[in-house]
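Have a look at the structure below, then the notes.
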Amino acid sequence: MSDFKHNISRRRFIATAGATALSSVLLKGCLGNPPEDTPTITSAQATKISIPTEQVPEITKVRLGYLPIIEAAPLIIAKEKGFFAKYGMTDVDISKQANWGAARDNAKIGSSAGGIDGGQWQMPMPYLISEGIITDNLKIPMYVLLQLNTQGNAIAIADKHKDKGLTLKADKAKALFDKMKSDGTRFKAAYTFPKSNQEFWIRYWLAANGVDPDADIELLTVPAAQTVANMKTGSMDAFSTGDPWPYRIVKEKIGFIPALTAEIWKGHPEEYLAMRADWVDKYPKATKAILKAIMEAQQWCDNFDNRKELVQIVSVKNYFGVDPEILEDTMMGKYDMGDGRIINDKSMAPLYWKDSKGNVSYPYQSHDLWFITESVRWGFLPKDSLATAKDWIKKVNREDLWREAAKEAGIPAADIPTSTSRGIEEFFDGTKFDPENPQAYLDGLKIKKA
């Protein structure tokens, strides 16, 4: 594993890093009229508590990075509602990152050098950073601590492809993409960072519909804030990312949504809180204080009576910089898919604490195993990675700290999972992933590199 070299092209990295200025312009200028001031918080702030001496954080300061998509909501709410302060973390800096490449680089240098101690991540980025696979072979050990959310992502496609059979189950997709390829206009689909969540979602959807994403289309890396602009100019045909971006193309009548990730894999693992291992090892009590604060924020977020206020808080210029209208419906599970289909189902909304399968916040090791298995599927990790995957996961995934923090916070036992595995998972095409036999899952897939 340690000898595996990443193969992200320099051109892609430069394109991602170089989009920072454009992303800033797009955030400020293309999303309507976002509130300019800090959030107006109407409901009660966190109640102050007396922290037991043995739980007082060793340090009160930490810097956590985030990207302006709905996965970041628990971090922002923990800050704005006073949950971090409640547990003794009185100086938490929630730092907006220009893109995932910038977040990776800032984690690499750490907060002492102007970077970050950790924050929001797509999976399996913490594993890739730990092994030096996306950090120029410099290993920065990371710990996965908590799952921030489930759902809230979608695949968006340009309007010119409407009524061509591109739906959740798109049996006509292969013929369409083959024709485009023969005409010299390959179908171009984008994600926000290579070899992670949003690339996996679009790859899974395509492959389940008989499309080889490496042979039949062209895949691109594009920062989230640039996705809508690229759809407008016609430089790409589709993208996979989190709200508010997919819903914007419907609102602006430039595209449609054939599939929510909640339809591809309901209750799927989405993004995570992960931190540098050296920070966690040095400040275990502060780490658990951070976890308690985010857990409480997640519970607050999952009260749908709070969703309108949540949208008002995250929409401001300092955070997402979007018109709240872009998020209001999706946060309530209401989706105009842009192709005549309407979804109105709270169980399909972004969820932060609980879903129909149980606890969302707990970082199941079985989910980490799926991401590693899928990485092997597409050639992102060596084939022999599966042989040592569970040992690797135990080193990076610190679900033990989540459990300790939950107990200290008084989380009911019923809300604390009793197993590191959520069991067999099932996807929209009927494929099943059994974490007890990831090789069988891999063997059963028709389209793959491994």
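The values are calculated or read from the model by the stated rules, or taken from the named source; none is laboratory data. Because the structure is predicted, anything quoted here is derived from the model rather than measured. Here the Cβ positions follow ideal geometry from the backbone for every residue, glycine too, while neighbour counts run over all protein chains shown. With ligands, DNA and RNA removed, areas are computed over all heavy atoms of the protein, side chains included. Shrake-Rupley method; radii C 1.70, N 1.55, O 1.52, S 1.80 Å.
Tell me which residues, restricted to the stretch 62-82, are open to solvent by less than 10 Å² (accessible area, probe 1.4 Å), in a helix (DSSP H, G or I) and either of a type in the set (D, E, K, R) or without any contact (Cβ under 8 Å) to a residue 60 or more places away in the chain (or both). Hit for the stretch 62-82 is Glu71, nothing else. Scanning the stretch 238-271 for residues that are farther than 25 Å from Met125 by Cβ, open to solvent by 10 Å² or more (accessible area, probe 1.4 Å) and touching a residue at least 40 places away in the same chain (Cβ under 8 Å) turns up Val250, Lys251, Lys253, Ile254. Checked against (1) at pLDDT 95 or above; (2) closer than 19 Å to Glu271 by Cβ; (3) out of contact with any Gly (no Cβ under 7 Å at 6 or more places or on another chain), Phe320 passes all but condition (1).
When Lys308 is tested against (1) open to solvent by 40 Å² or more (accessible area, probe 1.4 Å); (2) within 27 Å of Gly410 (Cβ to Cβ), exactly one condition is not met: (2). No other residue among Asp391, Asp368 is modelled with pLDDT of 95 or more and either touching a Cys at 6+ places or on another chain (Cβ under 6 Å) or exposed (fewer than 14 other Cβ atoms within 10 Å of the Cβ) (or both) apart from Asp391.
Here Ile59 meets each of (1) out of contact with any Phe, Trp or Tyr (no Cβ under 9 Å at 6 or more places or on another chain); (2) in a loop (DSSP other than H, G, I, E, B); (3) modelled with pLDDT of 95 or more with one exception, condition (1). Without any contact (Cβ under 8 Å) to a residue 12 or more places away in the chain and of a type in the set (A, V, I, L, M) - does that describe any residue in the stretch 380-400? Within the stretch 380-400 (the criterion being without any contact (Cβ under 8 Å) to a residue 12 or more places away in the chain and of a type in the set (A, V, I, L, M)), the answer is yes, since at least one residue qualifies. Listed by first and then second residue, the pairs with beta-carbon distance under 8 Å, at least 6 apart or on different chains, first residue in the stretch 328-340 and within 11 Å of Ile257 (Cβ to Cβ), second among the hydrophobic types (A, V, I, L, M, F, W, C) and surrounded by fewer than 17 Cβ atoms within 10 Å (Cβ to Cβ), are Tyr335/Ile342; Asp336/Ile342. Each residue in the stretch 83-99 was checked for being crowded, with 20+ Cβ neighbours inside 10 Å and either out of contact with any helix residue (DSSP H, G or I) (no Cβ under 8 Å at 6 or more places or on another chain) or part of a loop (DSSP other than H, G, I, E, B) (or both), and 6 pass. Counting only helices (runs of 4 or more DSSP H) that sit completely within the stretch 362-416, those holding 1 or more residues that are under 29 Å from Lys446 (Cα atoms) and among the acidic types (Asp, Glu) correspond to 365-377, 385-396. Please go through (1) open to solvent by less than 60 Å² (accessible area, probe 1.4 Å); (2) within 22 Å of the chain's Cα centre (by Cα); (3) on the phi < 0 side of the Ramachandran plot for Gly423 and return the number of the only condition it doesn't satisfy. All conditions pass for Gly423, except number (3).
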